[in-house]
């Protein structure tokens with residue numbers, strides 16, 4: 001579809017443009033599907049109420065190494081409105097497990113080619129906002145991880161893009177206070193975790209740069225988290 005080397009986001013968009021069916025399924029070249037994945041996914045969709053509101057079908061997944069050995073498994077695959085869960089908890093869906101309704105995919109603007117690391121997450125937020133998802137409670141996808149490719153530079157670039165993306169997303173989409181507080185809290189957690197990883201890799205320069213870039217969000221996150229807890233308790237007490 002492309003004459004030369006093409007970045008992943010652009011390659012996926014070129015493939016989407018060639019699709020003509022009602023649903024678009026993704027499978028990256030080094031990932032695996034169960035032979036019954038598509039059949040079981042459509043069966044689950046057909047049993048779902050209001051399936052015309054469904055934009056996404058996905059399944060649980062195995063994380064495997066280069067030799068196909070299982071490293072870990074995804075813990076859950078909830079159905080229904082999962083947009084807020086994605087915002088609060090992050091991207092818990094493996095891209096190669098996703099089957100997306102094509103008209104909604106095109107309406108949402110496909111994949112953002114300006115993103116290098118969190119384009120999957122951005123796409124999920126776009127297609128799940130205002131729509132329903134169908135989760136298949138079976139491991140039908142295997143996602144391959146190449147540990148040798150996880151360099152300190154990639155850790156640094158990935159976390160910068162994700163943190164900046166979420167901060168911008170929270171500002172531009174008029175999210176509620178409790179969701180924004182969760183975003184800042186999660187960003188601070190990732191910041192501390194990334195600083196530790198970079199320090200353990202003896203990359204002190206990038207660890208320091210990352211700390212100076214995001215550490216200012218930590219006090220705001222803690223205040224926000226406290227307020228969210230108080231707000232949640234007040235909401236629960238108001239129903240009594």
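Here the relative contact order of the stretch 8-147, from alpha carbon pairs under 8 Å that lie six or more residues apart, stands at 43 percent. Of all DSSP bridge pairs formed entirely within the stretch 8-147, close to 50 percent run antiparallel. Once you order the gyration tensor axes a ≥ b ≥ c over the Cα atoms, which shape class does the stretch 8-147 get: rounded for a/c under 1.5, otherwise prolate or oblate by comparing a/b with b/c? Taking the square roots of the gyration eigenvalues as a ≥ b ≥ c, the stretch 8-147 is rounded. Counted by neighbouring Cβ atoms within 10 Å, the residues 19, 118 run from fewest to most as 19, 118. Counting beta carbons within 10 Å around each of 134, 24 and listing the fewest first gives the order 24, 134.
Could you tell me which of rounded, prolate or oblate describes the stretch 53-119, using a ≥ b ≥ c as the square roots of the eigenvalues of the alpha-carbon gyration tensor, with rounded for a/c under 1.5 and, failing that, prolate when a/b is larger than b/c and oblate otherwise? Judged from the Cα gyration tensor, the stretch 53-119 comes out prolate (a/c at least 1.5, a/b above b/c). Here 52, 161 are placed in order of increasing Cβ neighbour count within 10 Å, fewest first, which gives 52, 161.
None of the figures in this text is laboratory data; all of them are computed from the coordinates on show. From a predicted model like this one, the values you see are computed outputs, not experimental measurements. Cβ atoms come from the backbone with ideal geometry, glycine included; neighbour counts cover every protein chain shown.
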